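Shown next, in structure tokens, is the structure this report addresses.
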Amino acid sequence: TPAQTELRVHGTDEVMTLPVVTSTKVLELKEFLSAKLGIEPSDLQFITRAGCSWRKQLDHEEVRRKVLVSGIRSFKPQKAQYQAPFLIIGAGHIGLRHGIYLLQRGFTNFVIVDRRNKVGGTSWISQANKTSKLQTELGTYHLQFDENNPVPVGMSTWPSRDELLEHFAKVSDEYGLTPYIRLQTNVKRVDVVGKTSVDGPLGDVHTEAVDENYSGVDTPLPTGREIKTFPASCAFMYPGNLSLPRKYEYKGEDLFNGYMEYAMFDTVNYDEVVRGKVVMIAGHGAFGVENIRTCCEYSAKKIYMVCRRRNLACPRVCSWLANQSDPPIPGSLFVDSLVPAYQLVDSDPWTHHSVTANANRTSVHINQKSRFGIGDVYFLAISMGKCEVIVDDVKRLSEDKVHLESGRELQVQTILKVFGFTGLYEVDRLLKIKTMTGWWAEGDNRRYVASENPGVYAANFASTSLSPGALGWSQQATHMMWFPKDWNRLVASGALPSNKADDEISRPAYVLDAVTALSMQFMIPTICPALGEVQMNNAVIKRSKQLECHPVERFLEECANEWDWYGKTWKEEDPSLKDPPSYPYTLTMVKDYLRSAGQSAIKS
């Protein structure tokens, strides 16, 4: 028979009412509280009135309707206390988000350090150029992304590099985060004492001032200035995107008479080497797709994208669809939503190498080594003949010419290499990582590292953006320091995956692939229900932010207007191009996708 039991913390007025049945045993509720509070069931005692006296209930007894609980101070988990500050390494999106998360919870004993002279991180300071834009939507990529704060106002749906850097600095100031940030500071060494927070603080941190003009990703040159040492309870490190370009040299590069460069780190003067020229983009990852847009912005005459495999790219509508979802969009619907854009380029996403489906296409899995390149320009440029994707290998180069293995020859003036990125072994060295246990170095809850997880590995799609992950990582890393008994439970479960460096593909230990990351997304909050309770509304926050920022009608109008502008501009520049097609998505189509997913276009 359904019933309710009122639990009251002994000596307080704090009450918790739980649904039970008449046969619910004392031990069952002790185990519930144990999981919630990160304690052992044996730490708890249930006391109930028996006539004029009080008695302890035994574990096998049916729980009474009114019970005093001793052995705890509150039904809320009790945070561990630390004297030494929490150290956050990296003042990019995730590091700043983590700092705001701590401040919102009244925790001020932390410091954020970064080598550069401003906030923003590797992606936007080191890797982006002045034409770079956010590929995903602002609604799921901003620092105020949480349950308490409003969405940004006065910003573009797809902000530029400079707009985002201004956003990071402005929010850091407005939310009182700036005083906790030490810029132009390089962490040279982190001492590690003990194995987990049970053994005390992590150890001493040794820092040195960095030259003001540093904006790279490699270890800065020593300066010998402002050398400091301070203790830290833990180190949360956020290297951000994979940082170093994956390099490959073609045979005959010394004969090529044109311009050739790795197209990142703002080293390419697109105005000089792209405008009016024939360009080859080598690689078909997310950065390659972004470079198609950049080359179009600089009026390239023709773009060849040469790749060994054609990865799935993601139209803007499909990205919006995933980011507004709760629950996630099924893989079958996600691939179906790609079809209208792919029809314009005479391709079928269902036949791509990364898509695996059952016979009736109701169960779908996408597995590729590169993240989605997100954007509509990719599809428009191919459909008009401004860009051609060629699946082939480069055999050799000669003067102003690319010779492909198929025998085809391309007359080009500029080659932009975008083979992807590799991680920084400096991260492994600094935090003394040989093996990652989940997101944690050497099974130590004091050493947490979260960065880009290369590739796509999913059967359902909840997001294409960073802010949901940044919030989740901040919650996760903090929780395991504040509630180390939950950490002990997580490690004891044996469920956390391990990861070592793979030198054959230049992948440090801290870089976890998409398969490994996905497995932890659901497993960790299941083993640690108190963390699950903290994160239970994250999907609701994501959907709310996305729809508040980008109502479907307005979003589609922006997409279509930009599509039409590019098409008209390119046609005026080069009348030999095909006429621009109409934007491939309509409001009716998107609402049909939402109905198929059991969702609406209205913020709940």
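The values are calculated or read from the model by the stated rules, or taken from the named source; none is laboratory data. Model, not experiment: these values are computed from the prediction. Here the Cβ is made from the backbone with ideal geometry for all residues, glycine too, and neighbour counts use every protein chain on show. These accessible areas exclude ligands, DNA and RNA; they are computed on the full protein's heavy atoms, side chains included. Shrake-Rupley method; radii C 1.70, N 1.55, O 1.52, S 1.80 Å.
Among the listed pairs 251/277; 251/571; 130/568, a Cα-Cα separation exceeding 29 Å is found for 251/571. With distances taken between every two different alpha-carbon atoms, region 443-580 has a Kirkwood hydrodynamic radius of 18.5 Å.
Quick check: at a probe of 1.4 Å, how many percent of the accessible area of region 440-560 sits on carbon and sulfur atoms?
On the way: 2340 of 4400 Å².
Answer for region 440-560 is 53 percent, counting heavy atoms of protein chains only.
Charge dipole (Cα centre; +1 on Lys/Arg Cβ, -1 on Asp/Glu Cβ; no other charges) of the chain amounts to roughly 1520 debye.
Per residue, how large is the accessible surface of region 404-519? Use a 1.4 angstrom probe and give square angstrom.
35
So the label point goes 7 Å from the Cα of residue 58 along Cα→C-beta, right? Which residues of region 18-52 then have their backbone N under 16 Å from it? Flagged as within label range: 25-28, 46-48.
The lysines within cross-link reach of residue 542, meaning a Cα-to-Cα straight distance under 16 Å and a gap of 8 or more places when in the same chain, are 603.
Neighbours of residue 220 by Cβ distance under 12 Å: Lys/Arg scored +1, Asp/Glu scored -1, total -2.
Using bins 10 angstrom wide from zero, how does P(r) for region 456-503 break down, in % of all Cα pairs? All Cα pairs considered, the percentages come to 19, 34, 40, 6.
What FRET efficiency do you get for residue 103 and residue 350 if R0 is 35 Å and r is their Cβ-Cβ distance, rounded to the nearest 0.05? Computed FRET efficiency for residue 103 and residue 350: 0.15. Spacing of the modelled spin labels on residue 148 and residue 199, each 7 Å from Cα toward Cβ, amounts to 3.4 nm. Remark: spin-label model distance residue 6-residue 48 equals 1.5 nm, labels positioned 7 Å along the Cα→Cβ axis. Across the accessible surface of region 5-156, with the other protein chains kept in place and a 1.4 Å probe, carbon and sulfur atoms take up 51 percent. Solvent exposure of region 95-135, expressed per residue, is 27 Å² of accessible area, with all protein chains present and a 1.4 angstrom probe.
Within the straight-line cut-off of under 16 Å between alpha carbons, the lysines reachable from residue 56 are 25, 30, 66, sequence neighbours fewer than 8 places apart in one chain being disregarded. For the pair residue 310 and residue 506 in one chain, pulling the backbone fully straight at 0.36 nm per residue adds 68.3 nm over the alpha carbon distance. Placing a label point 7 Å from the Cα of residue 271 along the Cα-to-Cβ line, the residues of region 127-144 whose backbone N sits under 16 Å from it are 129-132.
Here the ratio of the Cα radius of gyration of the chain to 2.2 N^0.38 Å is 1.07.
What's the FRET efficiency of residue 343 with residue 426 using the Cβ-Cβ distance as r and R₀ = 45 Å, to the nearest 0.05?
Numbers: r = 45 Å, r/R0 = 1.01.
For R0 = 45 Å, the calculated efficiency reads 0.50.
Sorting the Cα pairs of region 268-310 by distance into bins of 5 Å, from 0 upward, gives 6, 26, 34, 22, 9, 3 percent per bin.
With a 1.4 Å probe and all protein chains left in place, how much accessible area per residue does region 342-399 have, in Å²?
Values: 2600 Å² over 58 residues.
On a per-residue basis, region 342-399 sits at 45 Å².
Region 99-146: which trypsin sites (Lys or Arg not before Pro) are DSSP loop and have at most 15 other beta-carbon atoms within 10 angstrom?
On the way: sites: 105, 115, 116, 118, 130, 133; in loops: 105, 115, 116, 118, 130.
In loop regions of region 99-146 (DSSP not H, G, I, E or B), the sparsely surrounded trypsin sites (Lys or Arg not before Pro) are 105, 130.
Can you bin region 387-442 into rounded, prolate or oblate? Criterion: square roots of the alpha carbon gyration tensor eigenvalues sorted a ≥ b ≥ c, rounded for a/c under 1.5, prolate for a/b above b/c, oblate for the rest. Note, shape of region 387-442 comes out prolate.
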